[in-house]
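Below: the structure, in structure tokens.
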Amino acid sequence: MEDKEFEKLSVTEREAEEQLTEHVSEISAQAVEDNEKPLDKNVKLMSPSRMVARRFFRSRLSIVGLIMLISLFLFSWVGPFVYDNWGETETDYTGAIEYSAIEMDGGYVQIIETNNGINMLAKPSAEHILGTDEQGMDIFTRLMYGGRLSLTISFLAVFLTSAIGIVMGGLAGFYGGVTDNIIMRICDVLICLPTLPLMLIIGTVLDANNVPQQYYIYLLMGLLSIFSWPGMARLVRGQILFLREQEYMVAAEAMGYSSMRRIFKHLIPNILPQILVSMTLSLGSMILYESTLSYLNLGVRIPYASWGTMVEVISRRSDILQNNFNVWGPSGICIIIAVLGFNFIGDGLRDALDPKQRR
């Protein structure tokens, strides 16, 4: 009896082992079959650039910033081709001629023309969408041309500042020692200089030497770029001090690459995300600088337009500040939109390029 039960138990265990073996074989066969399938059918690979773009466009503020800047660029560069009723420096002489009487010696009275028929400070209408300024020039047209100048100068100033800062910071971080000390002491001196009073002094010197007024803003923004590169240089230097001891830099040195190649081909590309974010955030500051210089009558002079020049009128005419918002308000709104747009994009890039962000 016991022998039969033992034999029955052995048969049951043997069947269980066979079933387990068959199950393991099926799992192994399925695993082999899955491994033989092409990876692109099961795994969707995403490139780093596409991953950054996905994180960037996922941010609503980034989208809003892009819409703001694209709208301003289309308005400034395409707008003059659509709305070409008036030129940037064209004056509207369709206003009524006003006269004033001046009493002379001997009881004589002299009648003179006061505005020569200039249609100044006109209200918004079909002829002038935003009205005219105190010179009788179309505000809407000048707003478009002023945007061209303000945005162009800001971009050029930021690129010049970044170029100088990348070169100086790269040399300081890579070589260290005496080179690093000299460049950093130059940075300390430039940071201590009061930028705005210095611009006022330089503007006075340019005016005293009869420099053409249309070149004022270009010279001043160029000088501002020369004084503003220490921030970028410090950023680049700090990143390079960290990266220069990495394994791939040791390998590049062992392969005999030159110092310039190691700096600009291996180090700088690895800190490019931080550089792009810094440049984007600096664009808003440069637009404010340009507007401030123009407001202080150190930038573009009338009859040429910039957003800062169009706001500057309120410093001379308090009546326009109180009664004619259409003269200075639109340019101030454009400045706000541009600065906010660049800051939104900079914040979006900073989050998108952060490797710690969720995918």
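The values are calculated or read from the model by the stated rules, or taken from the named source; none is laboratory data. Because the structure is predicted, anything quoted here is derived from the model rather than measured. Counting neighbours? That spans all protein chains shown, and the Cβs are built from the backbone with ideal geometry, glycine included.
If you go through region 290-304 and pick out every residue that is part of a helix (DSSP H, G or I) and buried (at least 24 other Cβ atoms within 10 Å of the Cβ), you end up with 4. Set side by side, the residues Ile226, Ile201 differ, and just one is outside any loop (DSSP other than H, G, I, E, B), surrounded by fewer than 15 Cβ atoms within 10 Å (Cβ to Cβ) and within 23 Å of the chain's Cα centre (by Cα), which is Ile226. Scanning region 78-93 for residues that are surrounded by 15 or more Cβ atoms within 10 Å (Cβ to Cβ) and of a type outside the set (Val, Ile, Thr) yields Gly79, Pro80, Trp86, Glu88, Asp92. Would you check if Leu171 is surrounded by 14 or more Cβ atoms within 10 Å (Cβ to Cβ), out of contact with any Pro (no Cβ under 9 Å at 6 or more places or on another chain) and closer than 24 Å to Gly346 by Cα? Here the answer is no, as Leu171 does not meet what is asked.
For region 259-277, check the following and say yes or no: at least one residue is more than 30 Å from Met68 (Cα to Cα), within 24 Å of the chain's Cα centre (by Cα), modelled with pLDDT of 85 or more and in a helix (DSSP H, G or I). Looking through region 259-277, none of the residues is more than 30 Å from Met68 (Cα to Cα), within 24 Å of the chain's Cα centre (by Cα), modelled with pLDDT of 85 or more and in a helix (DSSP H, G or I). Gly106 satisfies every condition listed in (1) in contact with a helix residue (DSSP H, G or I) (Cβ under 8 Å, 6 or more places away or on another chain); (2) part of a helix (DSSP H, G or I); (3) modelled with pLDDT under 90 except (1). Just one residue in the set Met249, Met232 is in a helix (DSSP H, G or I) and in contact with a Lys or Arg (Cβ under 8 Å, 6 or more places away or on another chain); that residue is Met249.
Selection of region 294-312 for residues being of a type in the set (A, V, I, L, M, F, W, C) and at pLDDT 80 or above yields Ala305, Trp307, Met310, Val311. Among the residues of region 152-168, just one is surrounded by fewer than 23 Cβ atoms within 10 Å (Cβ to Cβ), over 30 Å from Phe242 (Cβ atoms) and not hydroxyl-bearing (Ser, Thr, Tyr), namely Leu156. Being without any contact (Cβ under 8 Å) to a residue 40 or more places away in the chain, of a type in the set (Phe, Trp, Tyr), assigned by TED's automatic domain parsing to the domain that holds Trp229 and crowded, with 17+ Cβ neighbours inside 10 Å is true of Trp328. Looking for something in contact (Cβ under 8 Å) with a residue 60 or more places away in the chain, in contact with a Phe, Trp or Tyr (Cβ under 8 Å, 6 or more places away or on another chain) and part of a helix (DSSP H, G or I) - is there at least one such residue anywhere in region 170-179? Yes, region 170-179 has at least one match. Is there a residue in region 71-92 that is within 20 Å of Gly332 (Cα to Cα), aliphatic (A, V, I, L, M) and either at pLDDT 90 or above or touching a helix residue (DSSP H, G or I) at 6+ places or on another chain (Cβ under 9 Å) (or both)? Yes, there is a match, as at least one residue in region 71-92 is within 20 Å of Gly332 (Cα to Cα), aliphatic (A, V, I, L, M) and either at pLDDT 90 or above or touching a helix residue (DSSP H, G or I) at 6+ places or on another chain (Cβ under 9 Å) (or both).
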